[in-house]
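Undergrad: Quick one: this structure, given as structure tokens, is what I'll be asking you about.
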Amino acid sequence: APALDVARIRKDFPLLQQATVYGLPLVYFDNGATTQKPQVVLDTLEQYYTGYNSNVHRGVHHLSQKATDAYEEARKTAAAYINAQYSHEVIFTKGTTDSINLVASSFGRTFLQAGDVVLISAMEHHSNIVPWQMICEEKGAELKVIPINERGELLMDEFSRLLNERVKIVAVTYVSNTMGTVNPVKDIITQAHARNIPVLLDAAQAIQHITIDVQDLQPDFLAFSGHKIYGPTGIGVLYGKEAWLNKMPPYQGGGDMIKTVTFAKTIYNELPYKFEAGTPDVSGAIGLAAALNYLQQVGLEKIQQYEEQLIEYALQALQQVPGIRFIGQAAHRSGAISFLVDDIHPYDLGELLDKQGIAVRTGHHCTEPLMDLFKIPGTVRASLSFYNTFEEVDKLVAAVNRAAAMLR
Ligand code: PMP
């Protein structure tokens, strides 16, 4: 397959064409936080608001029908993107955080009891820790943590040891947002399923880098955010296996999630509406579908290949920086590179990178327990996208060298 034409691709992203920082062209390496949007997504949002903005699932009128069709078509697009068996296995949420809260709350209310265990990992984002802590506290269940080694890889022997009949769900991230570790999720799912334990995958940092086929991988739940995969903010996906979703009670009550309501009793709607109370983010869903279609058009395989080359190049190039220390050195990685230089505070380094037009993220990246484990206050994180170039990586390395020289 021909390589990715990155120069052409960058033309699809107006912000990359227009944005300057302190008069310098923007070098955007904060894609793990959020991605830029291609023109086709922006056009889709505008077309919706100027052409057929209307509430869904309600009106008999033409516009409402049109909006409903587009919203439901977006669900089919998202379902096809992850190869879900049924489109009603795709619930539209506000994002990864909302998706995980839905499962923690709804699954937890039904299936967790005192003494049960929820198993997460040491590298989880706060959004895959706190919702579980909340439901565990409510139910008297226990949160247990799969440990990692110094390279930032899960200790799979420990995982196997922790799996017992007390564990009611395993919730782990596919890719670490801080270290870029790609976890052996297939192995995790196989081992959990051998004990009839369901698995939730936080795919917030995986969906934009790795092709996910839920029928092949077999997660019971999978969560991701639209804004990290070139779509709008405010929209996300919870994929859940039909059998589980049917057994779970609604997360929120309101319009759309009901069949009939009397003051005495409410009959809940069927999937997926049971989990979509209130007016959904119609434009967000349609915009997300436009982003997913755009990625398909560019070619997921090409994107993946290019990103692998780019991260390999970036790791090699950064390795040359005197005093650099990588936080996370997993054999299998994607997306993010976290590092420190000497004992320079990550915030100081990040600030001097910003002054050179380079956007990175500094801090704990919503993984405070992971920072505690490494005994560091935070890291500098460069997170890559297929619209980044090899020249931008060179700029990053030069800028890190310059900044470090000033701060040493
Ligand atoms: N999980 C991971 C691994 C993430 O990287 C993020 C976003 N930083 C989230 C969950 C939360 O996503 P959101 O803020 O879009 O809900």
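Undergrad: Pull out a ≥ b ≥ c, the square roots of the eigenvalues of the alpha-carbon gyration tensor of the range 273-408, then state rounded if a/c is under 1.5, prolate if not and a/b is larger than b/c, and oblate in the remaining case.
TA: Prolate, because a/c is 1.5 or more and a/b exceeds b/c.
Undergrad: Okay, next question. Is the shape of the range 52-145 best called rounded, prolate or oblate, per the rule: a/c under 1.5 gives rounded, else a/b larger than b/c gives prolate, else oblate, with a ≥ b ≥ c the square roots of the Cα gyration tensor eigenvalues?
TA: Prolate, since a/c reaches 1.5 and a/b exceeds b/c.
Undergrad: Just to be sure I understand: of the beta bridges DSSP finds with both ends in the chain, what percent are antiparallel, rounded to 5?
TA: 60 percent
Undergrad: Hey, another quick one. Out of all Cα-Cα pairs in the chain, roughly what percent, to the nearest whole number, are more than 30 Å apart?
TA: Value for the chain: 43 percent of Cα pairs lie more than 30 Å apart.
Undergrad: Let me ask another. Are there any chymotrypsin sites (Phe, Trp or Tyr not before Pro) in the range 1-65 that are in a DSSP loop and have at most 15 other Cβ atoms within 10 Å? List them by number.
TA: Passing both the DSSP loop test and the Cβ count: Y22.
Undergrad: Once you've got the Cα coordinates, tell me which of K144/K274; K76/K265; K228/K302 are over 23 Å apart.
TA: Checking Cα-Cα distances, K144/K274; K76/K265 exceed 23 Å.
Undergrad: Expressed in nm to one decimal, what extension gain is obtained for the pair E308 and I267 from 0.36 nm per residue of sequence separation less their Cα-Cα distance?
TA: 9.8 nm
Undergrad: Which of the DSSP-defined H helices in the chain satisfy a minimum axial length of 18 Å, computed from C-alpha atoms, and a minimum mean Kyte-Doolittle hydropathy of 1.0?
TA: Once both thresholds are applied, what remains is 282-298.
Undergrad: If you don't mind, another one. Among A141, A289, A203, which one shows the biggest mean-square fluctuation in a GNM of the chain, springs joining Cα atoms closer than 10 Å?
TA: A141
Undergrad: So if I take the centroid of the Cα atoms in the range 144-218 and the same for the range 315-360, what is the distance between those two points in Å?
TA: 26 Å
Undergrad: Run the paramagnetic zone check for R325: 7 angstrom along Cα to Cβ, then residues of the range 385-402 with backbone nitrogen under 19 Å.
TA: 400-401
Undergrad: Quick one: longest stretch of the chain between exposed loop GluC sites (Glu not before Pro), exposed meaning at most 16 other C-beta atoms within 10 Å and loop per DSSP?
TA: No qualifying site falls inside 1-149, the longest such stretch.
Throughout, read-outs are computed from the coordinates displayed, never taken from laboratory work. The structure displayed is predicted, hence computed values, not measured ones. A quick note on method: Cβ atoms are made from the backbone with ideal geometry, for glycine too, and the neighbour counts reach across all protein chains shown.
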